[in-house]
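Below is one structure, written out as structure tokens, with a few remarks after it.
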Amino acid sequence: MPKIYVKKAFTLQHEGEKHEFAVGNHDVPAAIAAHWFVKAHTGEEPATGNEAEQSELAEQRAALESAAQFLEGRAEQLQQLQDQLAQRQQAIAEREQAADQRDAELAKREAAVIEREQAAEKAAADAAKAAKSSK
């Protein structure tokens, strides 16, 4: 007697007899195994639980490895961006320091100009006073 694996439960009317088949393995006469309706509901027996679990674990492992590679690539991109940011922050700090130095130099020059203007005004006032007193 041939052995068949029923993928989907069905009922077969064959030679005046009613045969009910549940999902699973069945030993049947050759005439029933060869019937077109039986063939439509039978197939390969699925892998045992252990093999199925191994297959599922292998798929999950492959998915995790793919995700890990993706994350490693993203981590490298992030590190590059952080390096670029640090370089830009350093450049900005250097520019700010140079601007502060220019501001300090300009403040000194401005103070010197004001001092010279005040000295010139004082000298002009002293000269005018001296000219009045000599008359």
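Contact order for the chain, expressed relative to its length and based on alpha carbon pairs under 8 Å spaced 6+ residues apart, stands at 16 percent.
For segment 120-128, 3J(HN,Hα) computed residue by residue from phi via the Karplus equation (6.51, -1.76, 1.60; θ = phi - 60°) reads 5, 4, 5, 5, 5, 5, 5, 5, 5 Hz, glycine and proline entered as x. The distance separating the Cα centre of segment 42-112 from that of segment 1-37 comes to 60 Å.
Across segment 67-84, computed HN-Hα scalar couplings (Karplus, 6.51 cos²θ - 1.76 cosθ + 1.60, θ = phi - 60°) run 5, 5, 5, 4, 5, 5, x, 5, 5, 5, 4, 4, 4, 4, 5, 5, 5, 4 Hz from first to last residue, x flagging Gly and Pro. Counting only lysines at least 8 places from residue 3 when in the same chain, those with an alpha carbon closer than 19 Å to its own are 18, 39.
Using only helices, what value at 222 nm comes out for the chain when you add -39,500 (n - 2.57) per DSSP H run of length 4 or more and divide by the total residues, to the nearest 500 deg cm²/dmol? After summing the helix terms and dividing by the residues of the chain, the value is -25000 deg cm²/dmol. About its Cα centre, the dipole of segment 3-46 is roughly 140 debye, where the only charges are +1 on Lys and Arg Cβ and -1 on Asp and Glu Cβ. Of the residues 101, 54, 9, the one whose Cα sits farthest towards the positive end of the charge dipole of the chain is 101 (charges of +1 on Lys and Arg Cβ, -1 on Asp and Glu Cβ, taken about the Cα centre). Comparing mean-square fluctuations of 104, 91, 124 from a GNM of the chain with C-alpha springs under 10 Å, the top value falls on 124.
The structure-derived value of Cα Rg over 2.2 N^0.38 Å appears in the list (i) 3.42; (ii) 1.10; (iii) 1.01 under the label (i).
Quick note: the coordinates plus some simple rules give every number you see, no bench work behind them. Bear in mind the structure is a predicted one, so any value in this text is a computation, not a measurement. Every residue, glycine as well, gets a Cβ built from its backbone with ideal geometry; the counts of neighbours run over all protein chains shown.
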